[in-house]
Amino acid sequence: MRAIQIERPGALCSVELPEPTPGPNQLLVRVHACGVCRTDLHLLDGEVEIPRPPIVPGHQIVGTVIGRGDRAEASETEPLEPGTRVGIPWLGWTCGRCRYCLSGRENLCDLARFTGRDIDGGFAELTLGDERYCFALPEGYSDLEVAPLLCAGLIGYRALGMTGEAERLGLYGFGSSAHIIAQVARFQGRRVFAFTRPGDEAGQTSARELDAEWAGDSLTAPPEELDAAIIFASAGELVPTALRALVKGGIVVCAGIHMSDIPSFPYDILWGERTVRSVANLTRQDAREFLDLAPRVPVRTDVHPYSLEDAGRALEDLRAGRFQGAAVIEIDR
Ligand SMILES: [Zn+2]
Ligand SMILES: [Zn+2]
């Protein structure tokens, strides 16, 4: 099968690999589409370590089940039979036994394996997914449209949940995640304030089209205080910027897996019971909730297709901010 691999930091290669064989609990999936995430860029750049390279990246996988290994009797979920369209997200496997797994926080499992980092992902014609971590996908979305829901949507949704009942929500970095979460936030009756890179007029226009009531660049203070902010960009200097925009008791949620160093800041911008926290990975419960919610909003995604061979260009276009919305690798059959 054709696939794209990260061989070492900076080296993205087009390769031919043997067709994978499903082991116990695994599904063999023919990939139709795979969303491109900023995490893929961090993996390529070596900012997020790949424990055992080479690896096939891609963790927003949409495909059809075409085969399966033996199913463990203990599995509590409904089987995903051949012919089912499934999504495979970042959380690929957890131990089920550690203090995190046993307390509803499998996203923090020390032994967790992640799709496209520890397990070969979806920049390939075929892939394997542990059935217990795969999800049937909502109808009414094409393969391309549904792909960005699987990380940009899911992890954005987890970050949004951490803002509680915040009414005035700031979104810093208006890319793939923010364009989805802005729609969910509006659906929930929140007010959205969008912050883009300075001078990114197209991003600000796109935010207003998604019903943000204000859009400006990240160096500008919003017209009123925010109850919460989610930072999707990987720029650490946005943490004090967002803190300065918050009302007392407000929260800044850092939604990315990697962020540049956060500059020191005066205690008085944290004072007043303001909070800074990160969001890490996702739980299967997040996935079930969000995949149920998305079609009811309904969330619409703005997608930019690239062929498998153009995965490198998709990543560089993401780095340079050359598109609005989300890039998706489309695997032709
Ligand atoms: Zn665990
Ligand atoms: Zn991701």
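No value in this document is a laboratory result; all are computed from the given coordinates. Everything numeric in this text was worked out from a predicted model, so none of it was measured. Neighbour counts are summed over all protein chains in view; Cβ atoms, including those assigned to glycine, are modelled from backbone coordinates with ideal geometry.
Return the sequence-ordered ³J(HN,Hα) values of region 79-94 in whole Hz as given by the Karplus equation 6.51 cos²θ - 1.76 cosθ + 1.60 applied to θ = phi - 60°, using x for Gly and Pro.
Along region 79-94, the couplings run x, 9, 6, x, x, 6, 7, 10, x, 10, x, 4, 6, x, 5, 9 Hz.
Please report the base-10 log of the normalised intensity I(q)/I(0) for the chain, using a Debye sum with one equal scatterer per alpha carbon and no solvent, at each q in 0.08, 0.11 (1/Å).
-0.35, -0.67
For Ser278, what residues show an amide H to amide H distance below 5 Å, using hydrogens built from the backbone and excluding near sequence neighbours?
Result for Ser278 returns Cys254.
Pick from Ala124, Ala207, Ala245 the residue whose mean-square fluctuation is largest in a GNM of the chain, springs joining Cα atoms under 10 Å.
Ala245
Excluding Leu91 itself, what net charge comes from residues whose Cβ is under 13 Å from its Cβ, given Lys and Arg +1 and Asp and Glu -1?
+3
Between region 214-232 and region 128-153, what's the alpha-carbon centroid distance in Å?
After rounding, the separation between the Cα centres reads 30 Å.
What percent do you get for the relative contact order of region 154-278 when only Cα pairs under 8 Å and 6+ apart count?
Computed value for region 154-278: 24 percent relative contact order.
Using only DSSP helix segments of four residues or longer, with each worth -39500 (n - 2.57), what per-residue ellipticity at 222 nm results for the chain after dividing by its residue count and rounding to 500?
The helix-only estimate for the chain comes to -6000 deg cm²/dmol at 222 nm.
Students often check this: by mean Cβ neighbours within 10 Å, which of 210-223, 159-172, 110-123 ranks highest, and how do the rest follow?
The packing order, highest mean first, is 110-123, 159-172, 210-223.
Mind listing the phi-derived Karplus ³J(HN,Hα) values for region 45-53, rounded to whole Hz, using 6.51, -1.76 and 1.60 with θ = phi - 60°, and x for any glycine or proline?
Values per residue, Gly and Pro as x: 7, x, 7, 10, 6, 9, x, 10, x Hz.
So, in Å, what gap is there between the alpha-carbon centers of region 281-333 and region 12-90?
15 Å
Please build a GNM for the chain, connecting alpha carbons under 10 Å apart, and tell me which residue among Ser234, Ser260, Ser307 fluctuates the most.
It is Ser260.
Please arrange Arg97, Arg300 by how many other C-beta atoms lie within 10 Å of their C-beta, fewest to most.
In order of increasing Cβ crowding within 10 Å: Arg97, Arg300.
Name the long-range amide H neighbours of Ile329: under 5 Å, sequence gap of 5 or more, or other chain; modelled H, no Pro or chain starts.
When sequence neighbours closer than 5 places are left aside, the close amide H contacts are Cys34, Gly35, Val36, Tyr306.
Restricting the calculation to Cα positions, tell me the Rg (one decimal) and the Dmax (whole number) of region 154-278 in Å.
When restricted to Cα atoms, region 154-278 yields Rg and Dmax of 12.9, 37 Å.
Test of understanding: ordering His59, His304 by Cβ neighbours within 10 Å, fewest first, what list do you get?
Ranking His59, His304 by Cβ neighbours within 10 Å, fewest first, gives His304, His59.
Given an 8 Å cut-off on Cα distances and at least 6 residues of separation, report the relative contact order of the chain as a percent.
That works out to 19 percent.
Where does helix 284-293 land angle-wise versus the long Cα axis of the chain, in degrees 0 to 90, nearest 10?
70 degrees
Nearest 5 is fine: what % of DSSP beta bridges in the chain come out antiparallel, could you say?
Bridges in the chain are about 55 percent antiparallel.
Once you put a point 7 Å from the Cα of Asp292 and another 7 Å from the Cα of Phe187, both along the Cβ direction, what distance in nm separates them?
1.3 nm
List the residues, sorted by chain then number, that are 5 or more residues from Asp217 or on another chain and whose placed amide H is less than 5 Å from its amide H.
The list, which skips near neighbours in sequence, is Thr196.
How large is ³J(HN,Hα) for each residue in region 13-19, as worked out from phi by the Karplus curve 6.51 cos²θ - 1.76 cosθ + 1.60 (θ = phi - 60°), to whole Hz, x for Gly and Pro?
Running phi through 6.51 cos²θ - 1.76 cosθ + 1.60 with θ = phi - 60° gives 10, 8, 9, 10, 10, x, 5 Hz.
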